[in-house]
Amino acid sequence: MEEYRLKGLSCPNCAAGMEQQIQKLEYGESAQIQYNSGKLKVDKRVNLKQVEKILDSDHASIVKEEDEHAHEHSHNHSNIKWLLGISTGIFLVALFLDTTTAITAVPFYLVAIILSGYQTFVKGLRNLTKLTFNIETLMTIALIGAVSIGEWKEGTLVAILFGLNEYLEGLGMEKARKSMESLLQIAPKEALLITGGKEHVVAINDLQADDLVLVKSGAKIPSDGVVAAGYSSVNEAAITGEAMPVEKNVGESVFGGSINNEGILHVKITKAYEDSSLAKILHLVEEAQETKTPTELFINRFSRYYTPIIMVISALVMLVPPLFFGGIWTDWFYQGLAVLIVGCPCALILSSPIANISGITRNARNGILVKGSVYLEQLGKIDTLAFDKTGTLTKGFPYVETYENYSDEKFLSVAAAVEKHSSHPLAKAIMKKVADFPYREFEATNVETVSGQGVIADVGGIKYWVGNEKSVQHVTIPENVQTSIDQMKREGLTLVIVADEKKILGLFGIADEIREESHSVIQALHQAGIKNTVMLTGDHEKTAEKVANRVGVRSYFGSLLPEDKVAKVKELTTKGKVAMIGDGINDAPALASADLGIAMGKGTDSAIETADIVLMQDHLGKLPEAVSIAKRVNRTIRLNIALALGLKLIALLLTIPGLLTLWIAILSDMGATILVTLISLTILWERKEKDKRMIEKEVEPQHS
């Protein structure tokens, strides 16, 4: 499939009509016109000249050069604005002449109609010959009818206001597209490739895995890789939405599209650009624009029947009162024309797509990848959030929460000697704690690992045991030590006991460290309208209870196997709309079982691929805002639909007393379209920086 950018797309109905025509061409069956993103996808075997002819029939065209895109868009809108300005001037002259000699005003009215409405008129006549009924057809019939009964003034006003309506509609959609395009332009274009000790500028798509590139201060890192040499702080906002720079040293991974703040980095590329996290994100964000929500699909189906129904109602308004109630033909013919204009479905069709694009864009700026409008709508309906514990509400690695030292001289020294060469997570947690204190360093010998218990080793010629309660069965435990052991177990801590042949030297109480932001995030989610927060974990009940109480979730379930998590999620879905949040790998079955799967991925491939929504950060700090944006999008769409239908209903009710005029009809339609567009675009507005910083401070994790 070949992909082309289009200019001149201002009407979703027109885009759908052109798509159908292109699909009738040879090899054109799979053609798609993506109205939201302004793109054409078509089989490369299709005759492009025929495609361009179809596009030209609706004043759309293929953008020949990428760098001319913005200029051509603005040029197209300038032409329309210029024509509308001239038409308005001529209309004002006609109004002045109409007050003196009415007949002399007619040519001026005619010129104003032609300048502002000829595009609509030509398309409408073509549609009439094909018996295709859409907005252009309605407006063409209305214009012909107004002129035929001598309503030059109102006919001209209809043409100008409809032209203005189309212009503003296109402008609103272009604003949403440009916001998305600015997001997509973060991808780097070139890279400095180092070969044979020399630097060469190469296109980003020419980079391969294992290439070495030079990234200067202020430059973008071209693709995912590892720092081979140098040290710098890197801005990863393009990927994660995080404003704070991240320090990068040799051996640490970096994302393509992130910016080197200072210094020089040599980066070994690990993925070709098309396989990088950034490329996948941008591709999915682009695709997300074109997905249709159930609301949009319903509106599209509804509008297909809506226009013919409006034409039937218009005919009834024209015919029934004169035929059966003695009404005046010209008066009711005029009322019928006004009904045609009121029936324009533009505002209704636009009620959803601009709001959805705005919501997807806002979330993408925050490093939250929503894979489609359908998932954004679903997120806005969620009332229950189920969290995996490990790595989601907690950091996913153990730390020493508390300890008891019964032998000042030996406890820490023996623990360090036995654990320092171990790669076990508990050993690493103990070494991190021991490093906070002064201790004598010894070497352990005759190290023996006892499965299910711990480690036995010699330190300074004396045998020591480091492990769980089973490992110290040879020791008589004093009452005060047993009390400490029982207390730590009640708190859900994992025990590591250090003992010699006769007594216990000390205890470590180890837990999975809770993320600093978890409590404030859960609070913010409750404030955002999430009624039920649930924690699911494989850890035992005491640990689950402890974490649940600290983070503030409203319910929890412990000792769950993977299949138990799936069953629990399915049970929750019977009571409400459920989103499951996990790491995107281990929790894949539970994510798939929920109404919505949300992965915390830090940009990992598996997270991007498996979940419906991906948090590109390694924390939940941005989730409450994502929920709020989704709920706002849904509220906006409902408001838009109510405005679009409400204004039309009010206008139609004016036909009962015969008060509906052409200019009221066009103003009601234009007013609805403008309101719908402007309300949808407000979703793109960011909060004031001060307010935003306060929110981020509340939910952002404190990095040590």
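The values are calculated or read from the model by the stated rules, or taken from the named source; none is laboratory data. None of the values given here were measured: they were computed from a predicted structure. Glycine gets a Cβ as well: all are built from the backbone with ideal geometry, and neighbour counts include every protein chain shown. Side chains included, ligands, DNA and RNA excluded: accessible areas come from the protein's heavy atoms. Shrake-Rupley method; radii C 1.70, N 1.55, O 1.52, S 1.80 Å.
Taking 7 Å steps out from each Cα toward its Cβ at Phe298 and Arg126 produces label points 3.4 nm apart. Label sites at Val201 and Phe442, each approximated as a point 7 angstrom past Cα along Cα to Cβ, lie 6.5 nm apart. Hey, if you put +1 on the Cβ of every Lys and Arg and -1 on every Asp and Glu Cβ in the chain, which of Ala102, Leu652, Ser57 ends up farthest toward the positive end of that dipole? Value computed over the given set: Ala102.
Projected over every direction and averaged, the convex hull enclosing the alpha-carbon atoms of the range 535-687 yields 13.2 nm². Listed by chain and number, the lysines placed with their C-alpha closer than 18 angstrom to that of Lys531 are Lys381, Lys568, Lys570, Lys575, Lys577, Lys631; residues fewer than eight positions away on the same chain are left out. Here the dipole of the range 329-405 is about 260 debye; that uses its Cα centre as origin and unit charges on the Cβ of Lys and Arg (positive) and Asp and Glu (negative). Cβ-Cβ distance of Thr483 and Ala435, R₀ of 25 Å, FRET efficiency by 1/(1 + (r/R0)^6): the value works out to about 0.30. Of the GluC sites (Glu not before Pro) found in the range 397-498, those that fall in a DSSP loop while having at most 15 other beta-carbon atoms within 10 Å are Glu409, Glu441, Glu443, Glu491. Modelled spin labels at Ser555 and Trp663, positioned 7 Å past Cα toward Cβ, are 6.1 nm from each other. Per residue, the chain exposes 46 Å² of accessible surface when a 1.4 Å probe is rolled over the protein heavy atoms with every protein chain present. Of Gly336, Ser351, Gly367, which is farthest towards the positive pole of the range 333-414's charge dipole, taken about the Cα centre with +1 and -1 on the beta-carbons of Lys, Arg and Asp, Glu respectively? Towards the positive end, the residue furthest out is Gly336. Charged neighbours of Lys503, selected by a Cβ distance under 14 Å, balance to -3 (K, R count +1; D, E count -1). Most simply put, the chain has about 75% antiparallel DSSP beta bridges, counting only bridges with both residues inside it.
Rounded to the nearest 20, the Cβ-based charge dipole of the range 423-518 about its Cα centre (Lys and Arg +1, Asp and Glu -1) stands at 140 debye.
Relative to its residue count, the range 420-500 spans a Cα convex hull of 121 Å³ per residue.
Amide H contacts of Tyr231 (H built 1.01 Å from N, in plane; Pro and chain starts excluded): Ile264 sit under 5 Å, all sequence-distant by 5 or more or on other chains. Electrostatic bookkeeping for Val122 treats Lys and Arg as +1 and Asp and Glu as -1; over the other residues with beta carbon under 15 Å from its beta carbon, the sum is 0. May I ask for the distance between the Cα centers of the range 93-108 and the range 465-527, given as a whole number of Å? First find each Cα centre; the distance between them is then 94 Å. For the chain, the residue among His526, Phe121, Ile221 whose Cα projects farthest onto the positive side of the dipole built from Cβ charges is Phe121.
A Förster distance of 41 Å, applied to the separation of the beta-carbon atoms of Phe96 and Asp56, puts the FRET efficiency at 0.65. Computed over the range 551-600, the percent of Cα pairs more than 19 Å apart is 20. Could you work out [θ]222 nm for the chain from helices alone, using -39500 (n - 2.57) per DSSP H run of at least four and dividing by all its residues? Round to the nearest 500 deg cm²/dmol. Counting only the DSSP helices, I get -16500 deg cm²/dmol.
A straight chain from Thr476 to Thr574 at 0.36 nm per residue would run longer than the Cα-Cα distance by 30.0 nm. Computed from the Cβ-Cβ distance with R0 of 56 Å, the FRET efficiency linking Ile656 to Lys531 stands at 0.80. Once you reduce the range 256-286 and the range 340-384 to the center of their Cα atoms, the two points are 28 Å from each other.
For the range 592-685, a simple Cβ point-charge model (Lys and Arg +1, Asp and Glu -1, everything else neutral) yields a dipole of about 420 debye relative to the Cα centre.
Shown for the chain: the carbon plus sulfur share of the solvent-accessible area, taken with all protein chains present and a 1.4 angstrom probe, equals 57%. When restricted to Cα atoms, the chain yields an Rg and a Dmax of 33.7, 120 Å, respectively. Here the Karplus relation 6.51 cos²θ - 1.76 cosθ + 1.60, evaluated at θ = phi - 60°, turns the backbone of the range 497-509 into coupling constants of 9, 10, 9, 9, 6, 10, 8, 8, 8, x, 10, 10, x Hz, with x for every Gly and Pro. Applying 0.36 nm per residue to the separation of Arg638 and Ala315 and subtracting their alpha-carbon distance, the gain on full extension is 113.2 nm.
In terms of its alpha-carbon gyration tensor, the range 198-240 comes out prolate; a/c meets the 1.5 threshold, and the first ratio a/b outweighs b/c.
For the range 191-282, applying the loop criterion from DSSP together with a ceiling of 15 other beta carbons within 10 Å to the GluC sites (Glu not before Pro) yields Glu252, Glu262.
Within the full protein context, the accessible area of His474 is estimated at about 80 Å² for a probe radius of 1.4 Å.
One decimal place: the segment Lys502-Asn249 gains 86.4 nm when fully extended, by the rule 0.36 nm per residue minus the C-alpha distance. Computed over protein heavy atoms with a 1.4 angstrom probe, the accessible surface ordering of Ser628, Ser373, Ser593, largest first, is Ser628, Ser593, Ser373. Among the GluC sites (Glu not before Pro) within the range 1-55, those in coil by DSSP and having at most 13 neighbouring Cβ atoms inside 10 Å are Glu26, Glu29. Annotation: amide H of Thr402 within the under-5 Å range of Gly509, sequence separation 5 or more or interchain, hydrogens built in the peptide plane.
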